[in-house]
Amino acid sequence: MNQSAAPAEPPEPARILVVDDDPTVGEVVAGYLARAGHLVDRAEDGRHGLELAERHRPDLVVLDLMLPGLDGLEVLRRLRARPDRPDLPVVLLTAKGDEADRILGLELGADDYVTKPFSPRELVLRIRSILRRAGAAAPGPAAEPLRSGDLALDPRARRAHRAGRELALTSREFELLAFFLRHPATVFSRHELMQRVWGWDFGDLSTVTVHVRRLREKIEDDPGAPALISTVWGVGYRYDPAGTPIDRDPAADAPATDAPATAPAGGTR
């Protein structure tokens, strides 16, 4: 599928690890990423991928779910279990019919997914969006610290704390929490969250549901009965502040539009 993109400054060159047992897919993806200016490492199985991740400390991992031996979900679990880099961005490559594995991958902390067959150009655009947001620390209102009750978030340092304890957030979870803190007591549909937080004009709405669920598990006293991120049935989600958050101009959260997602789905939970 061809995707159009608004002009945007490219991110700094990044080191990207591609883990895929299909040599043709790996070669094509690596070629596109290299032409975009990135340094690419390749692995054709999960164990080699984990070794390269440990050795080279990539800025992002492109990970196929269907790998020989150690499958992609187990590789993702082990990447997320590393205390030194809980926010390492991971993009999954999934087969069209693997919806259950795709959702499980998001539950385990994947930042995004692309369904095979896919456009390498679309993948590069999505990676560009993730890298730019993961490295965003520009001066201005959007980089100022945020606080709400016992939650504190520093956009420059990409760190968040609750009651003085650092939260292990993925890049998607961090962006979602920052957006909620900037827009308290306001209801947003899942489509609005996709567009305004991650810059996607279209996409699988269950992705938002999964990221909200994971964020609740990390900031709520009882994720099953959330007090901070409320579900407004039939509409979307609302952040109910447990204190006085710092006000933000909504213009500070204008979405990046270089990486739209693809197919619609799902209901709000």
### Message
Whether any residue in region 199-210 is closer than 29 Å to Leu125 by Cα, hydrophobic (A, V, I, L, M, F, W, C) and out of contact with any helix residue (DSSP H, G or I) (no Cβ under 7 Å at 6 or more places or on another chain) is what I want to check.
### Response
yes
### Message
All but one of (1) more than 18 Å from Asp21 (Cα to Cα); (2) at pLDDT 90 or above; (3) in a helix (DSSP H, G or I); (4) not hydroxyl-bearing (Ser, Thr, Tyr) hold for Gly37; state the number of the condition that does not hold.
### Response
(3)
### Message
Can you find, within region 155-170, the residue that is nearest to Leu215 (Cα to Cα) among those that are in contact (Cβ under 8 Å) with a residue 60 or more places away in the chain and in contact with a helix residue (DSSP H, G or I) (Cβ under 7 Å, 6 or more places away or on another chain)?
### Response
Leu169
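This table checks each residue for (1) of a type in the set (D, E, K, R); (2) at pLDDT 90 or above; (3) assigned to a helix (DSSP H, G or I); (4) under 22 Å from Ala110 (Cα atoms).
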{"position": "Ala178", "(1), (2), (3), (4)": "no, yes, yes, yes"}
{"position": "Glu192", "(1), (2), (3), (4)": "yes, yes, yes, yes"}
{"position": "Gln195", "(1), (2), (3), (4)": "no, no, yes, yes"}
{"position": "Asp221", "(1), (2), (3), (4)": "yes, yes, no, no"}
{"position": "Pro226", "(1), (2), (3), (4)": "no, yes, no, no"}
{"position": "Tyr237", "(1), (2), (3), (4)": "no, yes, no, yes"}
### Message
Testing His48 on (1) in contact with a strand residue (DSSP E or B) (Cβ under 7 Å, 6 or more places away or on another chain); (2) modelled with pLDDT of 95 or more; (3) more than 11 Å from Val18 (Cβ to Cβ), one condition comes back false. Which one is that?
### Response
(1)
### Message
For region 47-76, give me each residue that is over 21 Å from the mean Cα position of the chain (by Cα) and small (Gly, Ala, Ser).
### Response
Gly69
### Message
Please verify whether Glu173 is of a type in the set (Asp, Glu), modelled with pLDDT under 95, exposed (fewer than 15 other Cβ atoms within 10 Å of the Cβ) and on the phi < 0 side of the Ramachandran plot, treating the condition exactly as stated.
### Response
no
### Query
Is one or more of the residues making up region 119-131 part of a loop (DSSP other than H, G, I, E, B), within 20 Å of Pro58 (Cα to Cα) and not β-branched (Val, Ile, Thr)?
no
### Task
Go through region 161-176 and give me each residue that's under 18 Å from Arg80 (Cα atoms) and among the hydrophobic types (A, V, I, L, M, F, W, C).
Leu167, Ala168, Leu169, Phe174
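The values are calculated or read from the model by the stated rules, or taken from the named source; none is laboratory data. For clarity, every value in this text was computed on a predicted model and none was experimentally measured. Every residue, glycine as well, gets a Cβ built from its backbone with ideal geometry; the counts of neighbours run over all protein chains shown.
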